[in-house]
Amino acid sequence: MEKLLETIKRLLPKALFTALQPYYHYFLACIGAVWYRFPSRGLSVVGITGTNGKTTTATLLYRIATKLGYKAGLISTVENIIAGKVRPTTHTTPDPISLNKLFREMAGAGCKYVFMEVSSHALDQNRVLGVHFIGGIFTNLTHDHLDYHKSFENYLGAKKKFFKMLPAGAFALSNTDNEYGNKMLQGIKADKFSYGFNENEDFHGEIKKMKFDGLDIAFNGADINSKLLGKFNAYNLLAVWGASNLLGFDTEKVNIILKDIEPPIGRFQHFISPNGVMVIVDYAHTPDALENVLKAVRTFAGSKVISVFGCGGDRDPMKRRVMGNIGAMLSDIAIFTSDNPRSEDPEKILEQMKSGLSDEDLKKVKTISNRREAILEGIKLAQKGDVILCAGKGHEDYQEIKGVKHHFNDMEEFKKVFAKS
């Protein structure tokens, strides 16, 4: 199937293919669903959309379902899993052919539930057209992907499109603490539910204590202790808890599972070095995500907060100055470095990140374009009780420079250095 479609694409005149581009994924979605015999109809598929938190929410729901004894599937930025068997992934939401193929394999493996991330790109390109969702979750909406969507209104519209797709009888669970949460629930056919840390939500959370080693929280009055860190993870946990209730999972068992559940790869992953420095690796690559993780770090940091992060090349340049300001403001030392510069000059990206900084903030900033050297510098500057946050790449195991991908993993780099010391 994939080879046939690639051949058709190659044989079409370029001008014709460009003209048909808006309908390309629509066509693929129809073909994929028919070819693989409408596989999502035999599965209970829950989609998660939003700027931040999709991977954590989807992964935790997958782990809960598995712990409860169900066979389940996961489709995420980090990995695809079919009843415990891990598959590599290249996109947050696969193309329609690959997606329906995954669904057919999941159905064949006996999966009952599938938890999947639904990206704004996928929604705009109709990649999930025809998927039978039994539920959808909205995490939040902040500045991201404007290089693709061109305006925030288009980005919002793509997310809203998902909730309009949900059929009657499905559930729509939305974070109404976010200013766009109620908009997601307007004019849809699905059953509407809210979650958040204010007082009027269907699933209401209370943060009792944010600690160095986790969270003490309460959901609808039920006490939960979690190993996950930060307020943003409290939101992810509440979304998971609410969805678990809507899916009919045993609440008492879910509460117990949440006590021991670990974060996904590259999502606020952390360890304590032999010399007492806490290292955190996180995927935060948007202004809002970076601000959230740095604020979370400041709640438990014993001493200095050292951040190491950059901004990707060939992507939304408007967020570079914003992220530079956030990093400088919320860090004691901010090391600006390369993320995936792609075809751009890393030094120019760093200059854009520094633009607009006050003289006072500039004193806290170092610019080191080589990411390995930037990590090493962060380690050299850190002392016992300090926290190093390395943000932007998370689970990624490569760095793309001038069109070439080189193996690079932040967590590996930190552990190599500490193993030598």
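Provide the percentage of antiparallel DSSP beta bridges, counting only those with both residues in the chain; round to the nearest 5.
Of all bridge pairs located within the chain, approximately 35 percent are antiparallel.
Any lysines with Cα under 18 Å of the LYS160 Cα? List them, leaving off those in the same chain fewer than 8 positions away.
Excluding near neighbours in sequence, the set is LYS54, LYS150, LYS183, LYS189, LYS192.
For the range 95-111 and the range 397-421, what is the separation of their C-alpha centers, rounded to whole Å?
32
For the range 299-349, what's the relative contact order in percent, using C-alpha pairs closer than 8 Å and at least 6 residues apart?
Values: 58 pairs, mean separation 26.0, N = 51.
Averaging sequence separation for qualifying contacts and normalising by length gives 51 percent for the range 299-349.
Taking the structure as given and computing semi-axes √(5λ) of the Cα gyration tensor in Å, which label from (i) 34, 28, 20; (ii) 40, 23, 21; (iii) 44, 25, 18 fits?
Evaluating semi-axes √(5λ) of the Cα gyration tensor in Å on these atoms matches (i).
As a test, work out the antiparallel percent of DSSP beta bridges whose residues both lie in the range 263-421, rounded to the nearest 5. Don't jump to the answer; show the numbers that get you there.
Details: 8 of 25 bridges.
Here the antiparallel bridges make up roughly 30 percent for the range 263-421.
State in Å² the accessible area per residue of the chain; use a 1.4 Å probe, count heavy atoms of protein chains only, and round to the nearest integer.
About 44 Å² of surface per residue is accessible.
Tell me what the chain gives for mean residue ellipticity at 222 nm when only DSSP H runs of n ≥ 4 count, each as -39,500 (n - 2.57), the sum divided by the residue total, rounded to 500 deg cm²/dmol.
Per the formula, -12500 deg cm²/dmol.
Which is the longest part of the chain that has none of the GluC sites (Glu not before Pro) sitting in a DSSP loop with at most 15 other Cβ atoms within 10 Å?
Longest run free of exposed loop sites: 200-421.
Counting only C-alpha contacts under 8 Å and six or more residues apart, can you give the relative contact order of the chain as a whole percent?
Numbers: 860 pairs, mean separation 51.5, N = 421.
It comes to 12 percent, rounded to a whole number.
Given a 10 angstrom Cα cut-off, can you work out which residue in PHE268, PHE103, PHE27 is the most mobile in a GNM of the chain?
Looking only at PHE268, PHE103, PHE27, the largest GNM fluctuation is found for PHE27.
Determine, from the Cβ-Cβ distance of GLU262 and LYS415 and an R0 of 25 Å, the FRET efficiency 1/(1 + (r/R0)^6), rounded to the nearest 0.05.
For GLU262 and LYS415, the calculated efficiency is 0.90.
Just the number, please: percent antiparallel of the DSSP beta bridges in the range 42-177, rounded to the nearest 5.
Antiparallel: roughly 25 percent of the beta bridges in the range 42-177.
Of all the accessible heavy-atom surface of the chain, with the other protein chains kept in place and a 1.4 Å probe, what percent is carbon and sulfur?
52
The values are calculated or read from the model by the stated rules, or taken from the named source; none is laboratory data. Because the structure is a prediction, the values reported are computed rather than measured. Using ideal geometry, Cβ is built from the backbone for each residue, glycine included, and neighbour counts are taken over all protein chains shown. Calculation scope for accessible area: heavy atoms of the full protein, side chains included, ligands and nucleic acids excluded. Shrake-Rupley method; radii C 1.70, N 1.55, O 1.52, S 1.80 Å.
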